[in-house]
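Just below is one structure, and these are the notes that go with it.
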Amino acid sequence: MRPLIVLCSILITFTSRLAYCGVSSERLERFEYSQVAMGVRARIVVYAASQKSAELACTRAFARIAQLEDVLSDYRPHSELIRLCAKAGGPAVKVSRDLLKVLLKAQQVARVSDGAFDITVGPLVKLWREARSTRRMPDESQLCSARRLVGWRNIEIHPTNSTIRLKKPGMLLDLGGIAKGYACDEALKTLKLYGVRRALVEMGGDIALGDPPPGKGGWLIEIPCAPVEKRRQELANCGVSTSGDAEQFVEIDGRRYSHIVDPRTGVGVTHRAEVTVIASDCTTSDSLATAASVLGPGKAAEWIRRHYPRARIYVRVAAGEEASSLSPSK
Ligand code: ADP
Ligand code: MG
């Protein structure tokens, strides 16, 4: 994840500070702001007519991200998500439009990935978080009980009346693989509402891109996993997400287990690969990058091509891993 952010920051810093917008001949200036949100530094870069208009739009965009953290976070004890999980095993619960939208999207990706992407992994993620701090394998019996609570089909969604029912008591939803992407998309929408369309929102390994900087074909983004000739791409109006075991993992008995868990085995993913997905929006790129990390380098590219033909995927396999599993990229 980090290479994408760092290199991207460097490249963005190199873009000109002052620019002219061809169409309206209005002079647009570059502004950049950042704030900690959802456990990462959220960064917004905009081209706006004045500092005042940039600040107003970015303040509202950060407020939107903070509002979404209250809905989607599994760390906040009173988030809407945690309140929903507290009712697991009980009757259906009415939820906000945001939670409904994220759950619908998550379930769609779960369906087409045959459960590789599965937001019911919460109990397993908890065990692997513990394993990262103790550097010991999760207890087999704990893994077994956690696995019993996992399964995307245990979420029942009624879109028309905005209700969700979690079928099994003890279920714990984890939106870590999709929430940042959705927050980036929503922040970008907020900026547009305030008249700022040439904008970029970045959180961790997820970037939502709006219209390009003035006079440019796109935002110059460094794709860490792409072959050298495709590493720097000018992109606009899309989402870019990188996922993998580069930062969060635990090494036990010479094996490296990622913070991304295979819901079918209950075990942290062990293929040493980093995946970048470029899709129409960041909610999609975020969830697909996580799903592709579970599917592994051998299957991910083919899976994306089949189900999301407009998305692009780049996979980088760690040195020492099977070279043949390096997937082709479009
Ligand atoms: P990051 O959040 O580190 O940028 P990802 O977008 O790939 O990386 O999301 C990883 C997070 O997704 C994990 O920390 C966990 O919260 C959640 N997660 C883990 N395994 C899965 C899975 N199989 N399906 C959906 N979400 C998962
Ligand atoms: Mg993700």
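The values are calculated or read from the model by the stated rules, or taken from the named source; none is laboratory data. Here the structure is a predicted model, which is why all the values come from computation and not from measurement. Positions of Cβ are generated from backbone atoms using ideal geometry, with glycine treated the same way; all protein chains shown enter the neighbour counts. Note: accessible area is taken over every heavy atom of the protein model, side chains too, but ligands, DNA and RNA are not part of it. Shrake-Rupley method; radii C 1.70, N 1.55, O 1.52, S 1.80 Å.
Quick notes on this one:
- Strands (runs of 3 or more DSSP E) completely within the range 225-306 that count 2 or more residues being surrounded by fewer than 19 Cβ atoms within 10 Å (Cβ to Cβ): 232-235, 249-252, 255-258
- Number of residues in the range 95-114 that are more than 14 Å from Ala179 (Cβ to Cβ) and either over 21 Å from the mean Cα position of the chain (by Cα) or within 16 Å of ligand 2 (Cβ to nearest atom) (or both): the value is 6.
- When restricted to residues that are within 16 Å of ligand 2 (Cβ to nearest atom) and polar (S, T, N, Q), the range 115-156 contains 1.
- Looking only at the range 245-268, and only at residues there that are more than 16 Å from ligand 2 (Cβ to nearest atom) and among the small types (Gly, Ala, Ser), the one that is nearest to the chain's Cα centre (by Cα): Gly266
- Criterion (at positive phi, open to solvent by 40 Å² or more (accessible area, probe 1.4 Å) and not polar (S, T, N, Q)) met by exactly one of Asp114, Asp70: Asp114
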